[in-house]
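I have placed the structure first, in the form of structure tokens, so that the comments after it can refer back to it.
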Amino acid sequence: MEHEYGQGQDSVYSNKVRAGKRRTYFFDVKQTRGEDYYITLTESTRKFNGSGYTRHKIFLYKEDFNRFLEGLQDAVDHVKTELMPNYDYEQFDRRQEEWEKQKALEESEESEETTASVEDKPLESEDDISW
């Protein structure tokens with residue numbers, strides 16, 4: 001699966017993490033020509049004026065996986081335990097879950113409206129019902 005922001009290498013695995021209304025993170029595992037693998041981490045942020053996205057990308061190579069994870073976990077733990085131990089970090093998960101439910105409901109309602117308008121449309125000829 002190749003995203004429009006890709007570098008032309010084949011993605012063998014992709015994971016998208018929505019982080020609010022304007023920001024999305026993409027985790028893509030890509031394969032090199034030499035059949036090696038690396039990860040691209042992409043932050044995509046919708047511009048305020050609605051004219052596109054700003055993207056920042058990190059390339060993470062297998063020899064750095066463990067050190068990267070250790071450094072990231074250390075930084076996150078430091079913020080959570082030393083700097084802001086009483087902060088409710090799960091509030092963002094709950095808020096995102098509510099937003100996704102609302103968006104799914106709106107999309108479902110739009111889909112039902114589209115289906116209803118198609119069903120209400122009179123057939124112009126017998127050819128309209130042939131598959």
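If a residue has to be surrounded by 13 or more Cβ atoms within 10 Å (Cβ to Cβ) and outside any strand (DSSP E or B) to count, how many in segment 9-64 make the cut? So the answer is 3. For segment 54-79, residues that are closer than 17 Å to Val17 by Cα and in contact (Cβ under 8 Å) with a residue 24 or more places away in the chain total 2. Of the numbered criteria (1) free of Cβ contacts under 8 Å to residues at least 60 places away in the same chain; (2) surrounded by 10 or more Cβ atoms within 10 Å (Cβ to Cβ), the one Trp99 fails is (1).
A short reminder: the numbers here are calculations on the coordinates, not readings from a lab. From a predicted model like this one, the values you see are computed outputs, not experimental measurements. Please note: Cβ atoms are built from the backbone with ideal geometry, for glycine as well, and neighbour counts cover all protein chains shown.
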